[in-house]
1. Quick test for you: out of 88, 54, pick the one residue that is open to solvent by 40 Å² or more (accessible area, probe 1.4 Å), of a type in the set (D, E, K, R) and either out of contact with any Asp or Glu (no Cβ under 8 Å at 6 or more places or on another chain) or at pLDDT below 95 (or both).
2. Only one of (1) farther than 17 Å from residue 227 by Cβ; (2) in a helix (DSSP H, G or I); (3) open to solvent by less than 40 Å² (accessible area, probe 1.4 Å) is not met by residue 131, so which one is it?
3. Could we say that residue 214 is over 18 Å from the mean Cα position of the chain (by Cα) and either free of Cβ contacts under 8 Å to residues at least 40 places away in the same chain or open to solvent by less than 30 Å² (accessible area, probe 1.4 Å) (or both) here?
4. Residue check: is residue 201 open to solvent by 10 Å² or more (accessible area, probe 1.4 Å) and assigned to a loop (DSSP other than H, G, I, E, B)?
5. Go over the candidates 196, 237, 253 one by one and state the one that is open to solvent by less than 60 Å² (accessible area, probe 1.4 Å) and closer than 17 Å to residue 100 by Cα.
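The values are calculated or read from the model by the stated rules, or taken from the named source; none is laboratory data. Keep in mind the model is a prediction, meaning the values are calculated, not measured. Note that each Cβ is placed from the backbone with ideal geometry, even for glycine, and that neighbours are counted across all protein chains shown. Quick note on the areas: whole protein, heavy atoms, side chains included, nothing else; ligands and nucleic acids left out. Shrake-Rupley method; radii C 1.70, N 1.55, O 1.52, S 1.80 Å.
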Amino acid sequence: MGIWLCISWNGSAHAVEPVDRFAGLAASYVIEAQGKTLWAHQADRKLPPASLTKIMTALLVLERSRPDDIVTVGADAVGETGSRMGLKAGERFRVGDLLAIILLQSANDACHALATHVAGNEIRFVAQMNRRAKEIGLNKTNFTNACGHDHPRHYSTAYDLARLTDIALKHALFLELVAMVQTTAATVDGKRTFDLVNSNELVGRYPGAIGVKTGYTQRAGKCLVALAQRGDASVILVLLNAPDRWWSAVDMLDYAFAHLALVKSAGRL
């Protein structure tokens, strides 16, 4: 099924051709540049976002705490499932270190610890996530947990995730962390140190890649929010359920940058 490619550089969208160059690469995607949608496929479709959820978690943490605030890991966080760092109950971390852990390595125990720190428990934190989603216009997004576990009522869309990412990127620490290839995090007492490697394989490998977040669950499939910048051109890509997300992302970003260069040379950008 083809889609109309809509570009709005001068304030009025116009149809280019009914072709979906990226058919079959993802259940849903959107490619945006300079705040405009270049291409999209089922970008309003509600789908499980897996750990792309942590973009909202990180946003709330950045808005409601400080990087040097101290978090004490509780038993609820230690009991998390899925991707974990192996945190221990009673360990103390700075918020900034736990943010690095969730954004680079997507650890659910660190994510849960941050949620509890901000709101007292995960249930209250999820309520805050949903209120914030509505405030920023994510009308097809609903969260049931802070980390991205599959649940029938835990969903978002490619459009909503692009909007959420744009807001999160306005926080300097968020942008700094998602652009790191690797770093370290440690407990406040320095007794344990964690080597972190960015799970986003584009960062450090794809020219201009500066973020943002990966996600995977059995139900959601492989998901990705990618951000790349070359010169004054910036492209954001959201892929939901993309079986070959890395090669697909490379092809889609390459095509977007080539398109932007063509548009610029024609004097339309």
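1. 88
2. That leaves (3) as the condition not met.
3. no
4. Taking the combined requirement at face value, the residue satisfies it.
5. Exactly one of 196, 237, 253 is open to solvent by less than 60 Å² (accessible area, probe 1.4 Å) and closer than 17 Å to residue 100 by Cα, namely 196.
To keep it simple, each residue is scored yes or no on (1) open to solvent by 10 Å² or more (accessible area, probe 1.4 Å); (2) in contact with a strand residue (DSSP E or B) (Cβ under 9 Å, 6 or more places away or on another chain); (3) at pLDDT below 95; (4) assigned to a loop (DSSP other than H, G, I, E, B).
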site: 147; (1), (2), (3), (4): no, no, no, yes
site: 151; (1), (2), (3), (4): yes, no, no, yes
site: 162; (1), (2), (3), (4): no, yes, no, no
site: 166; (1), (2), (3), (4): yes, yes, no, no
site: 174; (1), (2), (3), (4): no, yes, no, no
